[in-house]
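One structure is given here, and the rest of the page talks about it.
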Amino acid sequence: MIRDQLADVKKHIPAHVTLIAVSKTKPIEALQEAYDAGQRHFGENKVQEMAEKEAALPEDIQWHLIGHLQTNKVKYIAEFVHCIHSLDSLKLAQEINKQAKKHDRIINCLLQFHIAQEETKFGLDLQEATSMLAGEAFKSLENIRIIGVMGMASFVEDENQIRHEFQTLKAIFDTLKVQFFSNQSVFKEVSMGMSGDYLQAIQEGSTMVRVGSSIFGIR
Ligand SMILES: *Cc1c(COP(=O)(O)O)cnc(C)c1O
C-alpha cells in the first residue's frame, strides 16, 4: 500500500526534485516499508520522534527536520540530521553550529521564510534574513551550510494564492542567491510543496517537496 502510493507520487516528480517522505506520527513499520521501496529521505517535525526513529532504522536514511526547532533540542539530532529546514534565527544558527562542531560535522540548513497569510507559521522575512546573513556573527559560523530556503503556503483552497506564495519564496531564493551566495553552488534548494500542492510547487521552482499523507495516508 505505502509502496504503491510512494510509486504514484514519484511518477509526478522530476529527477531534479528531492522527495522527502514526511513520516511524522507514523510507526517504524511504515517507514521501513517506504525504505524497502527505495525511499531514503525522510522528514519529521519533532526532535524526539526523529531521534527514536533514527535509532531504529537503517543508517543510510537522510533525516530532514521540517518542524520548528527549539535551541535546547538541537543537541539530540546534531549527530545525524541531514538537513534542518527550519532555521529562522541567529540564535538557532549559533546553537546548530555549536552542536555540529561537537560532532565534527557541518549541518545543512534551509532558511525558513514566512510566506503564508496565517499568523501562526514560523519563519523569517527577506529583511530579517538579509540582516542576519550580512552580520559578522553569522558569517563566522563554520559548521553550518546554508543550502537554500523553505516555506509553507497558506492552508487555503485558492490555487492562485498558493501559487503566488510559492513565487514569493522563489523570488526570495533568487534575491539571496545573487546577494550572498553567487559563488556558492551549494545554495540551490527551494523546499516547498506538500501533498496538496507539490505539483504547483514544482512548477514554481521547488527542488524539495515534503510529502506526507499522499504516501503514508491521513494522520
Ligand atoms: C506535515 C508537514 C508536511 C507534509 O504534509 P502532508 O500534507 O501530509 O503532505 C510538509 N511540511 C511540513 C513542514 C509539515 O509539517
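The values are calculated or read from the model by the stated rules, or taken from the named source; none is laboratory data. Computed from a predicted model, the values in this text were never measured in an experiment. Cβ: placed from backbone, ideal geometry, glycine included. Neighbour counts: every protein chain shown. Calculation scope for accessible area: heavy atoms of the full protein, side chains included, ligands and nucleic acids excluded. Shrake-Rupley method; radii C 1.70, N 1.55, O 1.52, S 1.80 Å.
Please list 125-133, 69-77 highest first by mean number of surrounding beta-carbon atoms within 10 Å per residue.
Values: 125-133: 15.0, 69-77: 16.8.
Packing proxy ranking, top to bottom: 69-77, 125-133.
Return the tail of the calculated pair distribution for the chain, meaning the percent of Cα-Cα pairs more than 26 Å apart. Provide the component values of the computation, followed by the final result.
Values: 7864 of 23871 pairs.
Summing the P(r) tail past 26 Å for the chain gives 33 percent.
Before rounding to the nearest 500, sum -39500 (n - 2.57) across all DSSP H runs of length at least 4 in the chain and divide by the residue total; then give [θ] at 222 nm in deg cm²/dmol. Could you put the intermediate results ahead of the total?
Working: 9 runs with 87 residues, N = 219.
When only DSSP H runs of four or more count, the value is -11500 deg cm²/dmol.
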Probe 1.4 Å, heavy atoms of protein chains only: per residue, the accessible area of region 1-102 in Å² is 49
Checking rank on 174-185, 140-151, 191-202, with mean other Cβ inside 10 Å and highest first, the result is 191-202, 140-151, 174-185
Excluding ligands, DNA and RNA, the carbon-plus-sulfur percentage of the accessible area of region 58-176 with a 1.4 Å probe reads 48
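Anything over 20 Å Cα to Cα? Flag those among K102/K188; K73/K102; K46/K188; K24/K73; K26/K102; K46/K75, in the order listed.
Details: K102/K188 27 Å; K73/K102 15 Å; K46/K188 25 Å; K24/K73 17 Å; K26/K102 31 Å; K46/K75 13 Å.
Where the Cα-Cα span goes over 20 Å, the pairs concerned are K102/K188; K46/K188; K26/K102.
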Once normalised by the length of the chain, the mean sequence separation of its alpha carbon contacts under 8 Å that are 6 or more apart gives a contact order in percent of 21
